[in-house]
Amino acid sequence: MTINVLVVDDSAVVRQVLQAILNEARDIQVVAVASDPIFARQHMQKQWPDVIVLDMEMPRMDGLTFLRQIMSERPTPVVICSSLAEKGAALTVQALAAGAIDVVTKPKLGVKGFLEDTKQQFWQIIRAAAAAHVRKPKVSTETKQPIATSGKGDTADLVHLAHTTEYLVAIGTSTGGTQALEVLLTKLPRTCPGIMVVQHMPEKFTAAFAERINSLAEIDVKEAETGDRVLPGHALIAPGGYHMEVQRSGAQYVAKVFRGPAVNRHCPSVDVLFRSVAKHAGRNATGIIMTGMGDDGARGLLEMRNMGARTIAQDEASCVVFGMPKEAINIGAAAEIVALGDLHKTLSR
């Protein structure tokens, strides 16, 4: 089956290069290119694509507005391909919340070489997008003030005990995870255990993503820093480009954030977090593997289960991409399979 793709980008070079590299794949065909959403609409009236590759900053209509129109009218897999810098990260988070499947960050310089060098990765993203179950995104209207945190991670006053009754939840997710995390985290009460999250996301975007969820959720959500306590009613999200582990400091759990080589092609890696939780928290933890492409996290979740932790996989019907949960289920890592809409109740129990 051929995946029909529409490329929408105001750069003629990007349109040309994307068309060339995508057409190299036997199962992908660029059926049209457009310099802005208005021209894209004209093509879509003739043939609706299976996947749309969309830039964010374009003339006549920005990509975010166009994305929201598409998701409202006819939900379709959309991959954002943008050169947004750090201050544009919030806009990218909005796009993911609006229903975009994935984000490819193209550099401002050398974009042709970058796209050519990463073409196989791009093929995989297009294939995953085509297989995704796209739904109209949930519209959130409630907001709250951002939390104030020092982020200094002062652990000098931590009490050292041999055992602890503190509990934590470790979550790993990738493609479709930004929407899934919003659904889950915004339903949790402030009495929930401390949460640590690895979401496969580019560097510079995780802070804006955390701020967005924090504004919507009852619990406090922030991008993790080394030394942050894992506290009830709080969620720590691993920064893009950094691994995150949990460590014990006496009776308390704290986060460690560090640079390191990619694990399972990802940094942050779910396996890195899960393995540290297996080692330092054991049966005092719950591990949840959610929607995503690939197998990152499956073996780490198995280690958690072997150490007595409760382990959960999101069910196929509620996943955008079932790859990561499926792999965990196949190797016996997940003791429970739960729908996204029921995960908050499962954690409450």
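The values are calculated or read from the model by the stated rules, or taken from the named source; none is laboratory data. The structure presented is a predicted model; accordingly, all values stated were derived computationally and were not measured. Backbone-built Cβ (ideal geometry, glycine too); neighbour counts: all protein chains shown.
Below is a table of values for the structure above.
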{"read-out": "Among the residues listed as 139, 159, 197, the single one being touching a strand residue (DSSP E or B) at 6+ places or on another chain (Cβ under 8 Å) and modelled with pLDDT under 65", "value": "159"}
{"read-out": "Filter pass, residue 257 being free of Cβ contacts under 8 Å to residues at least 40 places away in the same chain and at negative phi", "value": "yes"}
{"read-out": "Positions within segment 222-252 being free of Cβ contacts under 8 Å to residues at least 60 places away in the same chain and of a type in the set (A, V, I, L, M), in sequence order", "value": "224, 231, 235, 236, 237, 238, 244"}
{"read-out": "Some residue of segment 329-343 being out of contact with any strand residue (DSSP E or B) (no Cβ under 8 Å at 6 or more places or on another chain), crowded, with 19+ Cβ neighbours inside 10 Å and not in a helix (DSSP H, G or I)", "value": "no"}
{"read-out": "Count of residues meeting criterion [part of a strand (DSSP E or B) and either surrounded by fewer than 24 Cβ atoms within 10 Å (Cβ to Cβ) or not assigned by TED's automatic domain parsing to the domain that holds residue 274 (or both)] in segment 224-242", "value": "2"}
{"read-out": "Subset tally (residues that are assigned to a helix (DSSP H, G or I), out of contact with any Asp or Glu (no Cβ under 9 Å at 6 or more places or on another chain) and surrounded by 24 or more Cβ atoms within 10 Å (Cβ to Cβ)) for segment 289-324", "value": "1"}
{"read-out": "Helices (runs of 4 or more DSSP H) fully within segment 2-111 counting 1 or more residues that are surrounded by fewer than 21 Cβ atoms within 10 Å (Cβ to Cβ) and in contact (Cβ under 8 Å) with a residue 60 or more places away in the chain", "value": "12-24, 63-73, 89-98"}
